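Worksheet for the structure shown next.
The values are calculated or read from the model by the stated rules, or taken from the named source; none is laboratory data. Remember, it's a predicted structure, so these values are computed and weren't measured experimentally. Quick reminder, even Gly has a Cβ in these numbers, built from the backbone with ideal geometry, and neighbours come from all protein chains shown. Ligands, DNA and RNA are stripped out before the accessible areas are found, and what is left, the full protein with its side chains, is counted by its heavy atoms. Shrake-Rupley method; radii C 1.70, N 1.55, O 1.52, S 1.80 Å.
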Amino acid sequence: MQLPTAVVMVRPASFGFNPDTAPSFLFQREITDINRKEIERRARMEFDILAGRLRETGVEVIVVEDQEDLNTPDAVFPNNWVSFHHDGSVVLYPMLAPSRRPERRRDIIDKLQASGFRVSRVIDLTHHEIGGRFLEGTGSVVFDHDDHLAYANISPRTDEDVLNELCGTLGYQPVTFRAVQKSGEPILHTDVTMSIGDRFAMFCGDSIADTGERRRVLDSLKSTGREIIAIDLKQLERFAGNVLQLQTRDGRSALVISTSACLALRPDQRDAIQRFTKIVESPLPLFEGIGRGSARCMMADIHLPKN
């Protein structure tokens with residue numbers, strides 16, 4: 001099944017601008033007109049609104065509190081360090097920024113097990129950090145679970161050798177490409193360029209400069225029978241690709257998207273999405289304004305079986 005039955009979200013304790021990641025991260029910029037405590041307060045408010053809207057929609061949300069003593073300003077984005085799979089596998093990923101590595105918390109995995117999810121094995125790829133090779137979770141890899149495909153935009157944060165190791169272990173086929181911004185600068189994460197739902201996919205083909213690569217990715221998406229909702233580079237910059245479709249408790253589904261990204265969509269694009277799923281939008285101006293990520297980044301999707 002493509003859609004996760006639940007998500008893990010980490011409520012921020014010390015969110016803020018991270019100079020350790022700024023030199024290599026798309027859209028990131030520092031906000032200087034509000035102090036750190038106010039940033040942290042607003043971040044928790046934005047988080048609570050999103051988590052509340054998901055629960056109101058019928059999504060199972062498991063909230064974990066960030067640990068302030070870890071000093072992890074990006075902990076609100078857990079999808080970069082972990083993924084949870086249908087066969088009970090939990091994958092731990094190597095991350096480029098040393099300041100982000102303390103985000104990997106075994107107690108979160110323990111909490112899922114205590115909540116009734118079954119973990120059969122932990123695939124630990126973090127040793128690749130020693131060799132300078134990184135693969136940042138579902139930021140780097142957009143999984144098509146139904147068709148066992150793993151889409152990945154190769155970049156300094158997405159190493160092809162580590163990707164191939166992961167795909168060999170999980171039994172997925174990699175589909176790789178290289179994406180760039182309007183300026184020609186590389187895009188470092190895959191989950192800003194595309195999102196795969198159960199019957200549709202959102203994809204910014206304009207981000208792939210090589211026409212052969214672009215056609216290959218499009219052909220792969222079309223071969224799965226999904227309708228492709230194309231977004232452009234301007235919409236990509238508003239995080240219109242950084243979205244996630246979730247299953248609700250009543251067997252329906254919802255596409256989670258930020259307010260800014262939703263407003264960036266044309267009416268025909270929103271209509272196309274709503275033929276398949278309900279749209280749930282939430283304002284995330286602080287997370288997007290500082291430039292770290294949007295709705296999809298804030299959710300580690302759970303596909304683990306239940307005991």
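Quick notes on this structure:
- Cα shape, the stretch 86-182, gyration tensor, a/c 1.5 rule: oblate
- The charge dipole of the chain, taken about its Cα centre with unit charges on the Cβ of Lys, Arg, Asp and Glu (plus for the first two, minus for the last two), comes to roughly 520 debye.
- Prolate/oblate/rounded label for the stretch 193-260 (Cα gyration tensor, a/c 1.5): oblate
- Heavy-atom accessible surface of the stretch 116-215, averaged per residue, reaches 38 Å², computed with a 1.4 Å probe.
- When 213, 40 are compared by accessible surface with a 1.4 Å probe, the order from highest to lowest is 213, 40.
- Residues whose placed amide H lies under 5 Å from that of residue 231, excluding near-sequence neighbours: 203, 204, 205
- With DNA, RNA and ligands ignored, accessible area of residue 170 (1.4 Å probe; Å², nearest 10): 30 Å²
- Charge-dipole axis of the stretch 159-215 as Lys and Arg at +1 and Asp and Glu at -1 on Cβ define it, positive-most pick from 175, 190, 203: 203
- Cα gyration tensor shape for the stretch 175-300, rounded if a/c is under 1.5, else prolate or oblate: oblate
- Take every pair of alpha-carbon atoms less than 8 Å apart whose residues are at least six positions apart; their mean separation over the length of the chain yields a relative contact order of 24 percent.
- Dividing the summed helix terms, -39500 (n - 2.57) for each DSSP H run of n ≥ 4, by the number of residues in the chain produces a 222 nm estimate of -8000 deg cm²/dmol to the nearest 500.
- Within the same chain, lysines fewer than 8 places from residue 306 are excluded, and of the rest, those with a Cα less than 19 Å from its Cα are 111.
- Charged neighbours of residue 132, selected by a Cβ distance under 14 Å, balance to -2 (K, R count +1; D, E count -1).
- Cβ-based charge dipole, the chain, positive-most Cα from 279, 82, 115: 279
- Computed about the Cα centre, the dipole magnitude for the stretch 231-287 is approximately 120 debye when only Lys and Arg (+1) and Asp and Glu (-1) carry charge, each at its Cβ.
- Each Lys and Arg contributes +1 and each Asp and Glu -1, all at the Cβ; summed about the Cα centre of the stretch 124-280, the dipole is approximately 700 debye.
- Chain lengthening between residue 266 and residue 42 when straightened (0.36 nm per residue, less Cα-Cα): 77.8 nm
- Relative contact order for the stretch 158-307, counting Cα pairs under 8 Å that sit 6 or more residues apart, in percent: 18 percent
- In this structure, residue 234 and residue 115 have a Cβ-Cβ separation that, at R0 = 35 Å, corresponds to a calculated FRET efficiency of about 0.30.
- Share of carbon and sulfur in the accessible area of the stretch 148-297 stands at 47%, probe radius 1.4 Å.
- Fully extended contour minus Cα-Cα distance, from residue 122 to residue 215, at 0.36 nm per residue: 30.0 nm
- Between residue 173 and residue 60, the contour length at 0.36 nm per residue exceeds the Cα-Cα span by 37.8 nm.
- Between residue 99 and residue 160, the modelled labels are 3.1 nm apart [label points 7 Å from Cα along Cα→Cβ].
- Heavy-atom accessible area for residue 182, with the other protein chains in place and a 1.4 Å probe, reaches approximately 120 Å².
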